[in-house]
Amino acid sequence: MKATALAHPNIALVKYWGKRDDALILPHQSSLSLTLAPMSVTTTVEFGVAADQVEINGHVSKGSERERVLRLLDALRAEGRQALGPARVVSRGDFPMAAGLASSAAGFAALAVAARAAAELPADPKSASVLSRLGSGSACRSVQGGFCEWQRGERADGADSYAVQRFDAGHWPELRMVVAILDRGEKEVKSRDGMKHTVDTSPYYPAWVKDAEAEVPRARDIIARRDLEALGDLCERNAWRMHATSFAADPPLSYMSAATLGLIQHLREHRKKGIPVWFTLDAGPNPVLLTDAAHEVAAEALARACGALDVVRCVPGGDAVLRTEHLF
Ligand code: PMV
C-alpha cells in the first residue's frame, strides 16, 4: 500500500481561467498545455498508517495546502474498493528556488498517480487526471507528457472533465519554453482567487470562454503541423485575452509588472529582427518564452537583458511515472 510517482509541471498555451464549480474544480472552458522537463516533483504515498500526515519540501503541510491533499485522498478513499485508512504523503520538488512555475500541477499529478498505485488500482491516465484535478485544475494536464488538452466536460460530477494527451513529448522535440524570472516574490492574488474574482465581476468573461474554447482545436491543428510562428501568435493572443478579462474585473486585476511589459516590448523588436520568440503569461509577472532549440540562447539573453534574475530553459516533458525508490 505504498507507491512513489514523479511528474513534471506544464505551461498552458491556451489557458484555463475560471471555474464553473469551485469544489470539484470544473472549468468553464477547455485548455491545452505543454508538459515541461527537466523540473519534476516526486511524491510517495503510503496508506494504512496511524493518521494522515502530509509533508511537502521538508515542511509539515497545514491549512489549505493540507486540505487540498486530503480532498484528493478522500475522493480515492470514497471509491471504497478496499479500506485504505489514513495516509502518509511526502513530496519533494527539484524546482530551482524561484522557477516561477507553480509546482502544484506537478505535485498533484504525482500525488494522484502515486495514491492510485498505493491503493493497488491499475495505471489509468484518465482516472489519475480526474483525481489530480481535485487538488489543482492545471494538475490534470501533468499526468501525461507532451501536449495535453483538458476537456471541460459537461457533467455536474466532473467525471468527463480530464486531460487527454494529443501529442507525446517526441512530437516536437526542438520546441523550447524559457521561463524568465523577473520577480521572485509571492504573487499578491493567487490564481484561484484571481479567476473567481474575474468570473464574478468581469463583463468580458463570457467572451473569454467562447474565444478560448474555439482556440483549442486551432492550437491542436497548429501543433500537428509544428508551425512555431502560428503557435507563438496563438499563445500570445490567448495570454493577452486571459489578462484582458482580469483588467476588466471590478476592482481591476493586473498580474503584469512594468518589467513584464518591458520584456514583451523587447521581444517584439527581436521578432522584427527575425528571432522567433513569443511569450505566454500565467497569473504572475514572469513571462515564459516560446521558441525553438536554435534560438533558446538568444531567448535567454533577451530575458536577462530585460532584467531576468533567473532563467530556466525547458524542453517537452514526458508522462508521470512510478518509481521504485520511495521518499521514506
Ligand atoms: O490550476 P491552478 O489553480 O494553478 O490555475 C492555473 C491557472 C493558469 O496557470 C493561469 C492557467 C493554466 O491553464 O495553467
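All of the numbers you see were taken from the coordinates with simple rules; none came from a lab. What you see is a predicted model, and the numbers here were worked out from it, not measured in a lab. Cβ: placed from backbone, ideal geometry, glycine included. Neighbour counts: every protein chain shown.
Once you've got the GNM for the chain with C-alpha springs shorter than 10 Å, pick whichever of Cys148, Cys140, Cys314 has the biggest mean-square fluctuation.
Ranking Cys148, Cys140, Cys314 by mean-square fluctuation puts Cys314 first.
At a Cα cut-off below 21 Å, give the lysines reachable from Lys19, other chains included and same-chain residues fewer than 8 away excluded.
Here the lysines satisfying the reach criterion relative to Lys19 are Lys126, Lys187, Lys190, Lys196, Lys210.
Under a point-charge model restricted to the Cβ atoms of Lys and Arg (+1) and Asp and Glu (-1), what is the dipole moment magnitude of region 2-168 relative to its Cα centre, in debye to the nearest 20?
On the way: 19 positive and 17 negative charges, 32 e Å.
My answer is approximately 160 debye.
Using Cβ contacts closer than 10 Å as the measure, can you line up Thr280, Thr324 from fewest to most?
Thr324, Thr280
Of the trypsin sites (Lys or Arg not before Pro) in region 243-319, which ones lie in a loop per DSSP and count no more than 10 other C-beta atoms within 10 Å?
Values: sites: Arg268, Arg271, Lys272, Lys273, Arg304, Arg313; in loops: Lys273.
Passing sites in region 243-319 are Lys273.
Report P(r) for region 237-325: all Cα-Cα distances, bin width 5 Å, range 0 to the bin holding the largest distance, values in whole percent.
Spelled out per bin, shortest first, that is 3, 12, 21, 20, 16, 11, 8, 5, 3, 1.
At q = 0.09, 0.11, 0.12 Å⁻¹, what is the log10 ratio I(q)/I(0) for the chain, with the Debye formula run over Cα points and no solvent?
-0.44, -0.66, -0.79
Over the chain, what is the relative contact order in whole percent, taking alpha-carbon pairs under 8 Å and six or more residues apart? Please list the in-between numbers first.
Working: 741 pairs, mean separation 84.8, N = 328.
Averaging sequence separation for qualifying contacts and normalising by length gives 26 percent for the chain.
Determine, for Phe108, Phe247, the number of other Cβ atoms within 10 Å of each Cβ, and report the residues in order from fewest to most. Provide the component values of the computation, followed by the final result.
Numbers: Phe108 29, Phe247 15.
Ranked by crowding around the Cβ, least crowded first: Phe247, Phe108.
If you line up the long axis of helix 191-201 against the longest principal axis of the chain, both from Cα atoms, how many degrees apart are they, to the nearest 10?
Helix 191-201 sits at roughly 70 degrees to that axis.
Pick from Ala207, Ala248, Ala112: which is most flexible by mean-square fluctuation in a GNM of the chain where alpha carbon atoms under 10 Å apart are linked?
Ala207
Starting from region 53-83, pick out the trypsin sites (Lys or Arg not before Pro) whose DSSP state is loop and whose Cβ has at most 15 other Cβ atoms within 10 Å. Each step should come with its number before you reach the end.
On the way: sites: Lys62, Arg66, Arg68, Arg71, Arg77, Arg81; in loops: Lys62, Arg81.
Loop-located and lightly packed - Lys62, Arg81.
What's the exposure ranking of Leu76, Leu228, going from fewest to most Cβ atoms within 10 Å?
Working: Leu76 23, Leu228 19.
So the residues, fewest neighbours to most, are Leu228, Leu76.
Counting only GluC sites (Glu not before Pro) that are in a DSSP loop and have at most 14 other C-beta atoms within 10 Å, tell me the longest site-free stretch of the chain.
Working: sites that count: Glu79, Glu120, Glu154, Glu174, Glu186, Glu188, Glu325.
By the stated rule (loop sites, at most 14 other Cβ atoms within 10 Å), 189-324.
Relative to the longest principal axis of the chain, what angle (0 to 90°, nearest 10) does the C-alpha long axis of helix 205-224 take?
Long axis of 205-224 versus the principal axis of the chain: about 90 degrees.
Just the Cα atoms of region 198-245, one point each, no solvent: what log10 I(q)/I(0) does Debye give at q = 0.13, 0.26, 0.30 Å⁻¹?
Each listed q maps to, in turn, -0.33, -0.91, -1.07.
Can you compute the helix-only [θ] at 222 nm over the chain? Use -39500 (n - 2.57) per DSSP H run of at least 4 residues, normalise by all residues, nearest 500 deg cm²/dmol. Each step should come with its number before you reach the end.
Numbers: 8 runs with 116 residues, N = 328.
Theoretical 222 nm ellipticity from helices: -11500 deg cm²/dmol.
Looking at region 147-247, which trypsin sites (Lys or Arg not before Pro) are in a loop (DSSP not H, G, I, E or B) and have at most 13 other Cβ atoms within 10 Å?
Arg155, Arg184, Arg225
In whole Å, what is the distance between the alpha-carbon centres of region 254-299 and region 76-94?
For region 254-299 versus region 76-94, the Cα centre distance is 40 Å.
Looking at the calculated P(r) for region 2-168, what percent of the C-alpha pair distances fall above 20 Å? Could you put the intermediate results ahead of the total?
On the way: 6286 of 13861 pairs.
Result: 45 percent of Cα pairs exceed 20 Å.
Could I get the Rg over Rh figure for region 102-260? Both from C-alpha atoms, Rh via Kirkwood, rounded to two places. Before the final figure, lay out the partial values.
Numbers: Rg = 17.0 Å, Rh = 17.5 Å.
Dividing the radius of gyration by the Kirkwood radius yields 0.97.
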